[in-house]
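I'd like to ask you about the structure that follows.
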Amino acid sequence: LGSAAIFAERRFKVGDVVRLGGGEPASVVGLTWRSTTLKNSSGLELSVPNRSVTEASVENLTRGGEAY
């Protein structure tokens, strides 16, 4: 159900830079029905279950194709 909310709301897409729950910014590198894959500034890839994504506050730091 979490993934349906992500796809329907379009809060972010692959290539966007997001911050989940006040954590460090990370780039979205993958998005499936089960999980969202993020890559942080150190190059570490992290797979986050979509249920956790929908329960966290999400800041999309990408505006007009550029991250700030």
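Give, in nm to one decimal, the length gained when the segment between VAL58 and SER41 is fully stretched (0.36 nm per residue of separation minus the Cα-Cα distance).
That pair, VAL58 and SER41, stretches by 4.4 nm at full extension.
For THR36, which sequence-distant residues (separation of 5 or more, or a different chain) have an amide H within less than 5 Å of its own amide H, given hydrogens modelled in the peptide plane?
Residues meeting the amide H criterion: VAL48, ASN50.
Taking the Cβ of THR36 as the center, what net charge do the other residues with Cβ under 12 Å away carry, scoring Lys and Arg +1 and Asp and Glu -1?
It works out to a net charge of +3.
List the residues, sorted by chain then number, that are 5 or more residues from THR62 or on another chain and whose placed amide H is less than 5 Å from its amide H.
VAL17
Read-outs: derived from the displayed coordinates by stated rules, not from any lab. No experiment lies behind these values; they were computed from the predicted model shown. Note: ideal-geometry Cβ built from the backbone for every residue, glycine included; neighbour counts use all protein chains shown.
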